[in-house]
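Novice: Dropping a structure here in structure tokens format, bear with me for questions.
None of the figures in this text is laboratory data; all of them are computed from the coordinates on show. Keep in mind that this is a model prediction, so the values were computed, not measured. Ideal geometry is used to build each Cβ from the backbone, glycine not excepted, and the neighbour counts take in all protein chains shown.
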Amino acid sequence: ACISLNFDHYVDSCPWRVCRCDGDVRGSSVHIVPLHERWDMEDACAELLNTQWQRSMGARLHSLRQSSANYPVCLLLLEGERRVPNEKLIGHARISRVLGSRSLFVESVVVQSELRGRGYGRILMEGVERYARARGCSRLCLTTHDKQHFYAHLGFVQSRPVQNVGTLASLVPLELLHKFCHMAESDAEKSGGSADTGRHTPPPLSNAPRVPPPPPPLLPPTLEHTPYTDIRGLPVFWMHKDI
């Protein structure tokens, strides 16, 4: 039995379909759709996300309702016939623009706990990838604390941090955000990489204490080690995939 995966691409109204046999998923009809095309799924989506990252329902629904064609976009993986009582929410992923590039940032990737390890996560990420390519994007970026091996198996490699636009894309024209990004880069280049051009480091005094030697260089990133941490100080892996 094969998986029948449909993705209704609303950019040019051209649906795609791919049939796969993968993992333990057998005879399943699954499809990916943006949340803003299926608002009837927002409560189920909020409950799924709260099983992984607890928030108040009000805050969660407010975040989900930001989904739009102008980004961010919440993509849902659904199983069963469309708009019938037995149609089930399987997974969710949110994508937003990365500042100054044609990349998308992927976050809040989650699959129903009882269905994990059966190939749905791969299907969800492949749907995200196809959606991104259809929208003219060339790279996916993400962070993870402990799923780096899963993403590496999907073709992601470790990379440097990026700045995702988030909900700003729906409030500020993207061209203006890109302009600010290029202006900041230009100012940094003119100042030799420093944004503080009004200060100058005075020459060291002869009787000043000796500066200690620099610390040893950071270890190169691997799937077991990352030089980056999140705001809580926990190790975080930055990864990307060119699509």
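Novice: Looking at region 60-69, which of its residues are under 30 Å from residue 102 (Cβ atoms) and either of a type in the set (A, V, I, L, M, F, W, C) or surrounded by 15 or more Cβ atoms within 10 Å (Cβ to Cβ) (or both)?
Specialist: Result: 60, 63, 64, 66, 67, 68, 69.
Novice: Would you mind finding the one in 119, 127, 100 that is buried (at least 17 other Cβ atoms within 10 Å of the Cβ), in contact (Cβ under 8 Å) with a residue 12 or more places away in the chain and on the phi < 0 side of the Ramachandran plot?
Specialist: Values: 119 fails: on the phi < 0 side of the Ramachandran plot; 100 fails: on the phi < 0 side of the Ramachandran plot.
Among 119, 127, 100, only 127 is buried (at least 17 other Cβ atoms within 10 Å of the Cβ), in contact (Cβ under 8 Å) with a residue 12 or more places away in the chain and on the phi < 0 side of the Ramachandran plot.
Novice: In this structure, is residue 150 farther than 23 Å from residue 29 by Cα and surrounded by 20 or more Cβ atoms within 10 Å (Cβ to Cβ)?
Specialist: It is false that residue 150 is farther than 23 Å from residue 29 by Cα and surrounded by 20 or more Cβ atoms within 10 Å (Cβ to Cβ).
Novice: Okay, next question. How many residues does region 29-59 hold that are within 16 Å of residue 93 (Cβ to Cβ) and loosely packed, with under 12 Cβ neighbours inside 10 Å?
Specialist: 2
Novice: Considering region 67-117 alone, what residues qualify as being outside any strand (DSSP E or B), in contact with an Asp or Glu (Cβ under 6 Å, 6 or more places away or on another chain) and within 21 Å of residue 160 (Cα to Cα)?
Specialist: Step one: list which residues in region 67-117 are outside any strand (DSSP E or B), which gives 67-72, 80-87, 99-102, 112-117.
Then drop every residue that is not in contact with an Asp or Glu (Cβ under 6 Å, 6 or more places away or on another chain), which leaves 80.
Across region 67-117, there are no qualifying residues.
Novice: Related question: Condition first: within 19 Å of the chain's Cα centre (by Cα), closer than 15 Å to residue 124 by Cβ and assigned to a helix (DSSP H, G or I). Now tell me which residues in region 27-66 satisfy that.
Specialist: 35, 45, 48, 49, 52
Novice: Give me the pairs, please: first residue somewhere in region 75-90 and on the phi > 0 side of the Ramachandran plot, second residue anywhere and outside any strand (DSSP E or B), beta-carbon distance under 7 Å, and either six or more positions apart or on two chains.
Specialist: 80/86; 80/87
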